[in-house]
Each structure stands twice: as C-alpha cells, then as structure tokens.
Amino acid sequence: MTGHEPDRLDELANRFFPGRVVRKDLVRQVKVGASVPVYVLEFLLGKYCASPDPFEIEAGLVVVNQVLADNFIRPDESEQAKAELKKKGKHRLIDKVDVRFVESDKKFWATLANFGSKFVNIPEETVYKYERLLGGGAWSQIDLVYNDLEDKAQKTPFYIAGLKPIQVAAFDLPAYVDARKEFSRDEWLDLVVRTIGLEPTEYDFRGKLLALTRLIPMVERNYNLIELGPWGTGKSFVYRESNPNAILISGGKVTVPQLFVNMSSGRVGLLGTWDVVAFDEVAGLQVGDSTVINMLKDFMESGSFARGKEEIPAEASVVFVGNTSKLHEELVRTAHLFADLPAQMIDPAFLDRMHYYLPGWEAPKLESRLFTNHFGFVSDYFAEAMRQLRKYSQVRAVDSDFSLGSHLSARDERAVRKTVSGLVKILHPHGEWSHGDLREYLEFAMEGRRRVKEQLKKLASHDYAKTAFSYLENDTGREIWVEVPEQPDELETEPEFDVTEVEQEQRRSTTELIGAGESKTVEYKQTARYNHHTRQVDKQLEQGVLKSVAGFMNAGGGVLLIGVHDRQRPTGMTDDYSTTGNKGRDGFENWLITKLDQAVGKSPTATLVDVTFEEFPEGDVCRLDVRPSPNPIYLGNDAEFYVRMGNSTRLYNTKDAMEYIRSRW
C-alpha cells in the first residue's frame, strides 16, 4: 500500500479516541535516522500529529522533526552537545537515563546514553519517584543544566533539573472501556493489530491472534511466554520498541542481582521493577549459575522470590524469544521444540512453568506489505491501558460456558486460564463476549499449553504422559479435543528401508555422502558433544548421537557423519577433540565407543558399528557405518525406542514400538 487511504476503522478510531491514535506510517518516516524506541517517537507524534487532518499532520511532522533535531542527540554528537550545554547553561534533551548508586560517593549518578556521560547529578527525590531508572533505565525528557560551581572537586558540572519519563501522563480506564463498546470484536482486533504496526488485511484470524499473543504478558500478571522460530518475524519488537513498561535483555549473562535483588545495595532487580522482562536471543543466554534458573523457576511459579530474610512479591511477566536452528518439522520429528535453549534451561520442571509456546514459525518474515499505513493507538497510551488492565483478572471467564478436561493438570489449567484471561482483557475490556469468541480463545490457549506438554513428554515421558487436552460444553456435555497443528497424528509403523540400498550408500565415499545430503540412510551432526552456544559439553548433543545410532540399528542401518553441517559442508572435529583432552582421533574414538557400549551394549557396538575418520581441508569427519540390528535396541533407563524413518529419527511410544517390533522382527 502506498500513501494513506482512510477506511472505516480509521474513522472510528479518530471519532472515539481523538488525540489517542496516530498513523503508523508516520512512525516509520520519523524513525529513519533516530535510534530511539517507537514509543518515544509516538510520544511526540501523539502530541503533534494525532489528527486525521492531513494538513495538521504535515504541520505536526515539521514540529516533531524540529524537536528531534533540537533535543535528540546521536552518540557521535555527544561532545558537541556538551559544548553547547556549557555555552547555553541549560538544554532540554530526550535520552535514556540509567541510574546507579556509587557507595564510595554515597550518592546516585545518572548515565545519559547518547549524551555520553556516566556522571550526571540527579536529585534523590527524582530517583525515588521513578524507581525504574535504577532497573535498566528509562527514556525520558530531561532538563539538563551546566553548573561548574556546585561541585568543583568531582568535576561533574551536569545536573538534571527536571525529568519526565516518556509515558502517558493520565489514563481514563472507564472512557477507554466505554469507547471499546462502539467497535465490533473484529474491528477492535484489527485496531490492536494496527497498533503494533501490522496491517490486519494481510493476516487471517489465526495470524492476528498469534501476533496479539505477544501482548498477553503486558496485560496479564506473572505470565510466562516462549516464542521460538525463524529470524526476521518481529518476535522481540513489541518488547523492545512499543512498550515503556517492558525491558528486553539481548543475550549476554544474567545474574541473581540483576534479576532479583542485589544484596550489597538492597536494590530490587528487573523482575521487581518492570511489568515484562523479555530475554531475546535466548539460545545465547548465559546463566551465571544454577541459582539463577532455580530462583527463576520459583518466581515463574509463585510470583515472588526470597532473597535474604524477606519474600518479595512481584508481578513481572517473563518472556523468552529466540531463533530456531532447524525447521520446526525436523525438531518435532527428531528432537523437541525446546532444543535451541541453553542446556541449563532444558529442565522439565523449568519448562513446565511456560504458560504458552507461541509457534514463531507461523509468523511471516516482515516485509513492507505487512506494515500498516493506517491509524492505531499511540503506543504509550495503549501500554497504559494494558497496565491498568493488569489489575483485573478474567481467569474464571471460561467457567460459565465450558469445563476443562480431566487430562489437564492444575498447572495446565492455570496456564490455559491465564491465556484466556489475557485475550479477553485485550479484546473485551468492557467485559462482553460471545460463546463463540470464548471457544476460539479457549482452543487457542489449550493448543499453546499442549505444545509445551508434548515437548515435556519427549524429555520426561514418565512424568508428562497425559497430553490429550479436551474441554466440555456445559450446556450439552459434549467433549471436544484440542490438537496441536505440528504434532504428527500417529507414527508410521511399517519398516521403511531396503537393505540393498543401505549397503550401496555405505559403499559410497564420505565426500559423495556429504554432497548428496541427508536422507533416510544418511545423517549429519556438526558436533557430538560440544555446544557452540554455551562452549561446553552438552549431554543433549551426546544423546542425539546415541539416538541416531539406535535409530539406524532399529531400521535398515545407515551412515552417521560427525563434523558435517546440515547445509552439506564439513566443519571438522576440533571442538569435539578439545572435550576429550585434545587427544585427537584416538581420544574421541575411545570416548565414542565407550558411550555406545554403555548405551546399546558392547556386542551391538562391536558387530554393528564401524568408526573411521577422513581428513578434509576444514578438519576431520568421523564416519559411523551402522548395520541393522537382529534384535530391538533400546536406550536409557526408560527403554526408549528410536527408529530412522524418512530423513529423521523418531521416538516411538509403547504401542507403536510394539507394532513396529512385531512387523520388523
């Protein structure tokens, strides 16, 4: 879409929310060259451009651009700005303010990100009034003065004379609720989708609902959400750009003082300060120690954390977003949908705290056609609406029409209810909805929670066996079962191999196998035990090798190549060698044979697996030629049964395994 063509929803938005909506294409225009969050720009656009009149908008844009030119400083202009402030004595800025307490000075110091100074004087009363300044900082409108007479010893002449965080000054919830009544459910849904910058005509209902789910942590207290999927789909945008009450942590190391409480200073961490704490690029997240995960696990369950002698309640929602390394279909078949998380987080008890797994692979890659040129709420106004609605709960909303099935545990029920509550508060803040609306939200909520349980079943099948989710209609008593789209209905039980074909594959050179790609008889592993994200030995990777070997044995055999990327290129074995004392091929082969002996037995390893190495310019490739077993092969104390089917290794449940064994042997 080029230009702005007003439609009925634009007219409704401006009629019932005058001055509270803004054209979203204007945000993108102003955003160019300004490295500030969207809600900061919309703070200005909401003041000067919140009008349907094109002439008023043009005039307002002139003012906005002038304000940015005068008050927003790029980092490379910081020294020039300091000189200008010294000359004038006073200046108004828009910058991110982060405050810390320096014990040796016995005072608070403010850091201004773009202004480039870490020692700016700030009044204590301002710090106590806006405690978020201590927990990650906040974008603010600042009146900065230069005074070198007050503190010559410290040589810190910059003083904050006035500070106003960029957020809505006042919010009238009853007026917001009353105005909502003038919209149909679908009109309101489209307005919210436009508020986050997307054009609803480019999405079907499910696509809109998936985009909307990213907002649930902002409107629902203590809501735990995870979204993993391909890059470029806008997973982190709403947490980084559109809400001043959310903070996004991108990768790096997280610690107990950062998240909970700093015992030396007594300062409460991010979870006690922000409405939403989101972790971006979660695959690269570094956890300081096991205490972080244990405390986070407890907080995600109870909404409080103990530090010192006190139990501290907090309402922060926790979000994990990141990219997947493989297609979700492959993860479902060969591993699980949590496979890209750091090893410390792949703990069933921790993952069971997730209320919803948002399937990021269903979100399209963002491109220009998906962005709206229409009106949506000014971000800080809508963020305040979400914050006000956090005070209320709709977890009992489903009870009038539906009952939850017997397979749902207490934790499952809580997750489903919180998701429904969030959707209801976003889409029906006036408290009115239809039976059909509620059914859609309930099935959507159950699907997201079941997605979590299906992966937990793969990780700990004995503890998470019940994954069949259903609900009952209270008026008819009819039971409806809720499926997960990517979950296979049932596994194939007929052998899918040809011994002659396998033998032919095993006669081919390693170079030929790499060039041909993965198949039902060939699989690649980049490493056998070294995790490139954590830079440590990863038991999950080791288990993956064992599963592949067992899968080939239970099928028709095959070839496993270690040190080869799934994009058909050798990567070498250097990292794996380092985990066995840098003893090269011999050290790695000894470790591998020992591991296979322990997992499948000495006799199968000796008679069914040949281990060889071949040198490439990128390094060694380890080749395992695996022959089919004359007997079923099981792994682990739970006797898990894996079979190579197609180009993946699948875990069979007891029923499917018994049927396969009867037909295979």
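If the chain linking ALA349 and SER184 were pulled fully straight, counting 0.36 nm for each residue of separation and taking away their Cα-Cα distance, it would gain 55.3 nm. Altogether, the Stokes-Einstein calculation at 25 °C and 0.890 mPa s, with the Kirkwood radius of the stretch 332-482 over Cα pairs as Rh, returns a diffusion coefficient of 140 µm²/s.
Share of pairwise Cα-Cα distances greater than 39 Å in the chain is 43 percent (whole percent).
Only helices enter this figure: runs of n ≥ 4 DSSP H residues, each worth -39500 (n - 2.57), summed and divided by the residues of the chain, yield -11000 deg cm²/dmol at 222 nm to the nearest 500. Derived value for the stretch 499-664: Kirkwood hydrodynamic radius 16.0 Å. Basis is the mean of 1/r over every pair of different alpha-carbon atoms.
With the charge dipole of the chain set up from +1 on Lys and Arg Cβ and -1 on Asp and Glu Cβ about the Cα centre, the Cα lying farthest toward the positive end among the listed residues THR467, LEU541, LEU215 is that of LEU215. Where in the stretch 363-397 is the amide nitrogen less than 20 Å from a point lying 7 Å along the Cα-to-Cβ axis of ASN474? Answer for the stretch 363-397: 393-397.
Taking the C-alpha atoms only, the angle from helix 435-459 to the longest principal axis of the chain is near 50 degrees. Label zone of ALA465 (point 7 Å out along Cα→Cβ, amide N under 12 Å): in the stretch 404-438 this covers no residue at all.
Could you tell me which of the pairs LYS31/LYS208; LYS425/LYS466; LYS525/LYS583; LYS47/LYS90; LYS235/LYS539 are separated by over 27 angstrom between their Cα atoms in the structure shown? From the list (LYS31/LYS208; LYS425/LYS466; LYS525/LYS583; LYS47/LYS90; LYS235/LYS539), the Cα-Cα distance tops 27 Å for LYS425/LYS466; LYS235/LYS539. Full extension of the chain between ASN631 and GLN286 gives 119.9 nm of extra length, using 0.36 nm per residue less the Cα-Cα distance. Short-range pairs are left out: with C-alpha atoms under 8 Å and at least six residues apart, the relative contact order of the stretch 499-664 is 27 percent. Neighbour counts of other Cβ atoms within 10 Å put MET645, MET345 in the fewest-to-most order MET345, MET645. What is the calculated FRET efficiency for ARG28 to THR255, with r their C-beta to C-beta distance and R₀ = 35 Å, to the nearest 0.05? Efficiency, from the Cβ-Cβ distance: 0.45. Summarising the strand pairing of the chain, around 70 percent of its internal DSSP beta bridges are antiparallel. Can you compute log10 of I(q)/I(0) for the stretch 168-489 with the Debye formula, treating each Cα as one identical point scatterer, at q = 0.07, 0.09, 0.10, 0.16 Å⁻¹? With one equal scatterer per Cα and no solvent, log10 I(q)/I(0) is -0.27, -0.45, -0.56, -1.52. Cβ-to-Cβ counts within 10 Å put THR291, THR579 in ascending order as THR291, THR579, the fewest first. The modelled label-to-label distance for the pair ARG507/PHE119, using points 7 Å beyond Cα in the direction of Cβ, is 7.9 nm. What is the percent of Cα-Cα separations in the stretch 399-448 that go past 15 Å? Cα-Cα pairs in the stretch 399-448 separated by more than 15 Å: 42 percent. Take the Kirkwood radius over Cα pairs of the stretch 261-395, plug it into Stokes-Einstein at 37 °C and 0.692 mPa s, and you get 184 µm²/s for translational diffusion.
On a per residue basis, the convex hull of the C-alpha atoms belonging to the stretch 93-149 measures out at 92 Å³. Stokes-Einstein diffusion for the stretch 436-595, with the hydrodynamic radius set to the Kirkwood value over Cα pairs and evaluated at 25 °C in a medium of 0.890 mPa s, equals 127 µm²/s. For the stretch 346-383, the residues whose amide N sits under 20 Å from a probe point set 7 Å from the Cα of ASN71 along the beta carbon direction are 378-383. For the stretch 120-208, the Kirkwood estimate of hydrodynamic radius, built from reciprocal distances between every pair of different alpha carbons, is 17.3 Å. Distance between the modelled labels on LYS155 and LYS88, one decimal in nanometres: 2.6 nm (7 Å Cα→Cβ projection). Packing order of peptides 315-323, 509-517, highest average first: 315-323, 509-517 (average count of other Cβ atoms within 10 Å over each peptide's residues). For ARG439 and ARG240, the FRET efficiency from 1/(1 + (r/R0)^6), where r spans their Cβ atoms and R0 equals 56 Å, is about 0.95. Stretching the chain fully between MET263 and GLU11 yields a gain of 85.4 nm (0.36 nm per residue, less the alpha carbon separation). Magnitude of the charge dipole for the chain, about its Cα centre and with charges confined to Cβ atoms of Lys, Arg (+1) and Asp, Glu (-1), is about 1840 debye. Between TYR128 and GLU301, the FRET efficiency estimated from the beta carbon spacing at R0 = 30 angstrom works out to 0.45. Among the trypsin sites (Lys or Arg not before Pro) found in the stretch 102-208, those both in a DSSP coil and sparsely packed, with 14 or fewer other Cβ atoms within 10 Å of their Cβ, are LYS106, LYS152, LYS155, LYS181.
Over the Cα atoms of the stretch 51-162, the radius of gyration divided by the Kirkwood radius equals 1.05; this is the Rg/Rh ratio. Distance between the 7 Å Cα→Cβ label points at ASP172 and GLU614: 7.6 nm. Going from the fewest other Cβ atoms within 10 Å to the most, the residues ASP53, ASP566 appear in the order ASP53, ASP566.
Readers should treat all values here as calculations from the given coordinates under stated rules, not as data from a laboratory. All values reported here derive from a predicted model rather than from experimental measurement. Backbone-built Cβ (ideal geometry, glycine too); neighbour counts: all protein chains shown.
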